[in-house]
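Only the coordinates and a few stated rules stand behind these numbers; no lab work does. Note that the coordinates shown come from a computational prediction; the quantities given were computed from them, not determined experimentally.
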């Protein structure tokens, strides 16, 4: 009997969301750029959706698994990373404003559920501090950036790019 590697899913996307003209709000795009430069994986599509949440919803349905990377406001320490499933928002985030874009993460969850999307969606939410107009992220977030990128990369490797062995 021979064992061969087979991908669980060949439709994986990592999506950066954010407004790089609103300081910390651009963190999703900054992390996406870092992943593309230093941690790119062949089997993953990396997509920059900026603040275009509605367009993103249309594209999500093309994938089996998606990781959304976005700044959030969950009243925790600036730079803190929380990775959860989109379904968890309904239960753990309550009425907190978890996004600063045209659609909050809770709105995205509601729309995905209403449209019956089968895509498994994870969210890497990073607590933002300063979302005023400007092009650079705040110092507290900048100090956490390398750690956040490593944690997101580790999550992608362990949870999205899972390989299984199948008898063949």
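Given axes a ≥ b ≥ c from the Cα gyration tensor, I'd like to know whether segment 117-156 is rounded (a/c under 1.5), prolate (a/b larger than b/c) or oblate.
Numbers: a/c = 3.55, a/b = 1.62, b/c = 2.20.
Oblate is the answer for segment 117-156, as a/c is 1.5 or above yet b/c matches or exceeds a/b.
Send over the per residue convex hull volume for segment 8-70, Cα only, as a whole number of Å³.
Details: hull volume 4.3 nm³, N = 63.
Measuring per residue, one finds 68 Å³ for the Cα hull of segment 8-70.
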